[in-house]
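One structure is given here, and the rest of the page talks about it.
The values are calculated or read from the model by the stated rules, or taken from the named source; none is laboratory data. Since the structure is predicted, the reported quantities are computational estimates derived from the model, not experimental observations. FYI the Cβ positions are ideal-geometry reconstructions off the backbone, even for glycines, and counts take in every protein chain you see.
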Amino acid sequence: MTQCPHAAATGTGVGTEAVHLYGGRFQDEPARLYREMRRDHGPVAPIVLPGSIPAWLVLGYRELHQLTGDPVLFSRDSQLWNQWPAIPDDWPLMPMISRTQPSILYTVGERHSSRSAVISDALEAVNPFELKEGTAEFADELIDAFCSAGTADLIADYAMLMPVRVLAKLFGFSDEKGPALVTAMNDMINGGATALAGQRHIATSVYELVAERKATPGDDVVSRMLANTRGFTDEDVSRDLMVMMAAGHQPTADWIGNSLRLMLTDDRFAASLSGGRHSVGEAMNEVLWEDTPSQNIAGRWASRDTHLGGRHIKAGDLLVLSLAGANADPQVRTDGSTLTGGNNAFFSFSHGDHRCPFPAQETAEVIARTAIEVILDRLPDVDLAVPEEQLTRRPSPWLRGLTDLPARFTPTPALGGQR
């Protein structure tokens, strides 16, 4: 007999069937956990969020495709959630599941399409060659800071700094605000005790930037959005910019870090460091299948009672999208093989109306690929400085990334802006 999530979490107790969507296993062995959940519960599993809040986790590839392809039945409108009366104001996931902040994440229908067009138009105006050149310049600057030492943490010293440096320039932020934005975004996304403080810092920074660019427009994404609002307010633009900052920085940083880890630990890619068989692009593609930065996304809300994956879903139930679980679904991975070579049927950018806009995907790919190519060019003998089994992940069920990536290499002189 199947169990609805309301039966999994009642009163102060939590039923034995539901799986807690937090804890060490999402950090240490998520792939095994997803397999066990699929074995025990099928493609749609009952889960419990912090505070004993019930929800569903959609693990099946076909079920996730069905859910994301039906925005009427499975809405992005978070106000439909039947659990709002149980959610405290200081709930740690409030920055990720908002009721009172109508950003593009929670807008539906024509309003969402128009809002998405504002973002896409602003990003499409970015010159891809200038983006690549600017990313390479930032990469050289970051590498110059540690290349003569012979050792570095490729996460803290490089991957975690690169996307926000590039986005700061594209959006119009001053470079010195980058490090604080990195810390704030990590705090917000990890959903811990400092999540709300991180969200407040990002919000303050974005509102200040919008005010500056409205008074003095420039050649940047924010100025283009303000010049093409399609009737949306400055408040709307500011909220969407916060989404763009979070969605553009952390997953891209983890894409860089996870791809570098693969290339430094997998014999198939080790030869790439000296121009061998597998390319940077293949490593990046495999990461999106096997080790995707965006693991789970909250979410969709059922607009009426329905069924999905053999489960009875009640109106207002929250469904969390397990992109990583769907990517590993044995129904679409019948041979168990890794998928590289240009197969882009992964869910890593989601699907449907709320899929990551294509210009945003292109921007992320240019930043990540350039960052990886430059460091492999500058440090051709880079290698892990610790055994692979000592590498650890951040404790988040939402985004998967390394806590650090210690590396060693032959010390080289800084370029000092000369390439």
Looking at 159, 193, 149, 227 in this structure, which one is small (Gly, Ala, Ser) and in contact with a helix residue (DSSP H, G or I) (Cβ under 8 Å, 6 or more places away or on another chain)?
159
For residue 108, state whether it is under 22 Å from residue 365 (Cα atoms) and surrounded by 15 or more Cβ atoms within 10 Å (Cβ to Cβ).
no
Checking 193, 180 in turn, the sole residue that is assigned to a loop (DSSP other than H, G, I, E, B) and within 21 Å of the chain's Cα centre (by Cα) turns out to be 193
Selection status of residue 188, modelled with pLDDT under 80, out of contact with any strand residue (DSSP E or B) (no Cβ under 9 Å at 6 or more places or on another chain), surrounded by 22 or more Cβ atoms within 10 Å (Cβ to Cβ) and aliphatic (A, V, I, L, M)
yes
Wholly within the range 225-327, which helices (runs of 4 or more DSSP H) include no fewer than the required count, namely at least 2 residues that are of a type in the set (D, E, K, R)?
234-265, 267-270, 280-290
Of all residues in the range 25-84 being surrounded by fewer than 20 Cβ atoms within 10 Å (Cβ to Cβ) and among the acidic types (Asp, Glu), which is farthest from residue 393 (Cα to Cα)?
70
Are any of the residues in the range 37-50 at pLDDT below 95, over 24 Å from residue 332 (Cα atoms) and in a helix (DSSP H, G or I)?
no
Looking at the structure I just gave you, is residue 154 crowded, with 16+ Cβ neighbours inside 10 Å and closer than 18 Å to residue 248 by Cβ?
no
Which of the residues belonging to the range 62-121 are aliphatic (A, V, I, L, M), part of a helix (DSSP H, G or I) and over 19 Å from the mean Cα position of the chain (by Cα)?
67, 80, 86, 117, 118
Within the range 125-144, track down each residue that is of a type outside the set (Val, Ile, Thr) and touching a Phe, Trp or Tyr at 6+ places or on another chain (Cβ under 9 Å).
139, 142
Among the residues of the range 118-132, is there at least one that is surrounded by fewer than 20 Cβ atoms within 10 Å (Cβ to Cβ), at pLDDT below 90 and of a type outside the set (A, V, I, L, M, F, W, C)?
yes
